[in-house]
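Take a look at the structure set out below.
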Amino acid sequence: MRNELAMEGDEVMDYGGATPLAAGINLFNCAVGAGVLSLPGAFQNMGLGLALGAFFLLGVLALYSLNTIVSDGNVVGAKSYDALVYRLFGRKVMVAFQVVVILYTFGVCVGYVIIIGDLLPELFQNWAGINKYESSGWFFTPEVIELLVVVFFLAPLSSLSRIDNLKYASSFAVLGVMYFTVVTIVKDVEFIQSPSFKNEKVVWAEGGSGFFRGIPIIAFALGGHVQCVSVYHELKPRHRTQHTFLLISSAMVSVLSIIYLLVSVLSYLQFLPNNGNILKAMLEEYPGEVSIEISSLMMSLVVIFSYPLLSFPLRLSIEDIIFKGKTPTKGRIAITVAILF
């Protein structure tokens, strides 16, 4: 019976209308999210040399595991990650996996909303010329901005039935990441060439807990594994081959790695004492700089457009547990609302 239910769930996933470019963009957006903002912090926790070594190793493992997951899905005939786990390990392991996915993706989704609340309110207050401590600035508080973003952006995007519908939003997100990367490189290079830059502060390897704080950030930044089976099976039939997916995943990991390394290494050299969100550090370093403020807006949109790609497997896991593979429209809407609020 469960096989039939898993197959019904697979059938829903098999639309077969995406091009390799659209699949690559969606897979890229699944991984990039807020990782590009937090990676410099990982480099500072681990030290420059140790972080570079860990990044290279985890990048190779990410590429290998993406293709292994899709290959295993083809062997057992699974068209979603849940179905793959079920057919390889059985129902008990699949349910345990779904619980892990629910906890993991829900936590990340909450983190994304918090990032939006961190970046947008201060930006809008500056543009409106309102002090955040003034009573007239209540409209630009994090709580209000987060609520508006959830209602008018995240809710409609998260209600879409398949990942391929997000290809245009993902394309814009890619452009946003590219803009942020260029601005970051320009500002960091300007600083490195200035007299105030002192490279003797560079630490090549940090001992203690820094390694264990940095590794999860790097691993999280090279994601997309939960969505890769669904992305693969939304490819057009003529493109749905292991070789095509190898090209897609290789391009995705390569582009991600270039962006991550440029932003992380250069930002590490400029913001040595700081940890955490690199964009917040840049906003503090360059107050009123238009290019930085636009970067803040663009990266907020990147997070907004990445959110549905994470809520997609979260919603599917909840749907499968509750409705056993056949979810009515009202059920899908109710689950989406519950995730958002």
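Sort Cys30, Cys109 by Cβ crowding within 10 Å, fewest neighbours at the top.
Fewest to most other Cβ atoms nearby, the residues stand as Cys109, Cys30.
Here are several values of Rg and Dmax of the Cα atoms in Å: (i) 20.8, 70; (ii) 23.8, 80; (iii) 24.5, 84. Which one was derived from the coordinates shown?
Here the calculated entry is (i).
If you filter region 83-186 for GluC sites (Glu not before Pro), then keep DSSP loop positions with at most 14 other Cβ within 10 Å, what is left?
Those satisfying the criteria are Glu134.
So if I restrict to the alpha-carbon atoms in region 201-241, what is the Rg, and what is Dmax, the biggest pairwise distance, in Å?
Looking at region 201-241, its Cα Rg and Dmax stand at 18.0, 53 Å.
List the residues, sorted by chain then number, that are 5 or more residues from Ala18 or on another chain and whose placed amide H is less than 5 Å from its amide H.
Leu235, Lys236
If each residue's Cβ is checked for other Cβ atoms within 10 Å, how do Phe139, Phe220 rank with the fewest at the top?
Phe139, Phe220
May I ask you to work out the translational diffusion coefficient for region 225-334 at 37 °C, viscosity 0.692 mPa s, via Stokes-Einstein with Rh from the Kirkwood sum over Cα pairs, reported in whole µm²/s?
Estimated diffusion coefficient is 185 µm²/s.
For region 60-107, rounded, prolate or oblate, judged on the Cα gyration tensor with a ≥ b ≥ c (square roots of eigenvalues), a/c < 1.5 rounded, else prolate if a/b > b/c?
Taking the square roots of the gyration eigenvalues as a ≥ b ≥ c, region 60-107 is oblate.
Show me, for region 51-58, the HN-Hα J-couplings you get by feeding each phi into the Karplus relation (A = 6.51, B = -1.76, C = 1.60, θ = phi - 60°), rounded to Hz, glycine and proline as x.
Once rounded to whole Hz, the list reads 5, 4, x, 5, 5, 4, 5, 5.
On the principal axes of its Cα set, how long, how wide and how thick is region 63-181? Give whole Å, largest value first.
60, 31, 25
Laboratory data are not the source of any read-out in this text; all were calculated from the coordinates shown. What you are looking at is a predicted structure, and each value in this text was computed from that prediction instead of being measured. For neighbour counting, all protein chains shown are included, and Cβ atoms are generated from backbone atoms with ideal geometry for every residue, glycine included.
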